[in-house]
Amino acid sequence: MNERVVEIIVFLMDQIKGNKNNKLEKLESLSQDLLSRGYSQSEISSAFSWIIDRIKNDFEELYKNTGPVSSQSFRVLHELEQMIIEPEAYGYLLQLRELNIIDEVDLEHVIERAMMLGTAHIGIDEIKAITTSLLIQNSNPFGDTFYIDDKPPTIH
C-alpha cells in the first residue's frame, strides 16, 4: 500500500460517509472518476479491498462485543505538538479518524511517530507517509514479528 492508495481510501470513505441513503450503486462511477484522476486500476482495487476487509473486521468485532462503542473524546494537541504539527496535517489526521480509517490508538501512534522525527515542522506530506506506514503495518498479518525456524531441516 502506498500514499496514493491511502488517498483513494480517504476519497472513497468520504463518499461512503456522505451517502445518506446508504445506496452505493455508483461504485462503478467512483472507479471511473478515480481512473480519470490518474489512479491505476490496481491502486483502486487495493483501496476497495482494504475497505471491504476493514468493514468485515469491524462487523466481526461488533458481533463479539455487546454493541458499538461510541467514543465522544476528542484528541487535543499539546502546545509542543501544536508548534510542530501543522494545522493542515492535524486536520488530515482528524479526517482519517472521522472516516474510521484510523482509530484513536492509530491517531496516537501517528502523532507519536511525527514527534519522534525531530523536525521543526510536520506537514501533511509527512503525516501521509507516517499514516501509510502505519496502515501497512496494521494490514500485515504477522505484525512486527516474523517467525524464523533456526533448526536444521529434517532429511528422511
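Values quoted throughout were computed directly from the atomic coordinates according to the rules given, and no laboratory measurement underlies them. What you see is a predicted model; the values in this text were computed from it and never measured. Note that we place each Cβ from the backbone using ideal geometry, even for glycine, and neighbour counts take in every protein chain shown.
Roughly how many nanometres apart are two label points built 7 Å out from the Cα toward the Cβ at residue 32 and residue 133?
So the two model labels end up 4.0 nm from each other.
Ranked from highest to lowest mean number of other Cβ atoms within 10 Å per residue, what is the order of the peptides 3-12, 78-87?
Values: 3-12: 19.4, 78-87: 13.2.
In descending order of packing, they fall as 3-12, 78-87.
Can you give the local net charge around residue 11? Use residues other than it whose beta-carbon is closer than 12 angstrom to its beta-carbon, Lys and Arg +1, Asp and Glu -1.
-1
State whether region 71-141 is rounded, prolate or oblate according to the following rule on the C-alpha gyration tensor (a ≥ b ≥ c being the square roots of its eigenvalues): a/c under 1.5 gives rounded; otherwise a/b larger than b/c gives prolate, and the remaining case gives oblate.
The shape class here is oblate.
With charges only on Cβ, +1 for K and R and -1 for D and E, what is the dipole size of region 71-141 about its Cα centre, in debye, rounded to 20?
140 debye
Under a plain spin-label model, where a point goes 7 Å from the Cα along Cα-to-Cβ, how far apart in nm are residue 117 and residue 16?
Reported label-point gap for residue 117 and residue 16 is 2.7 nm.
Compute the FRET efficiency between residue 2 and residue 79 as 1/(1 + (r/R0)^6), taking r as their Cβ-Cβ distance and R0 = 41 Å, and round to the nearest 0.05. Don't skip to the end; give the middle numbers.
On the way: r = 33 Å, r/R0 = 0.81.
Efficiency, from the Cβ-Cβ distance: 0.80.
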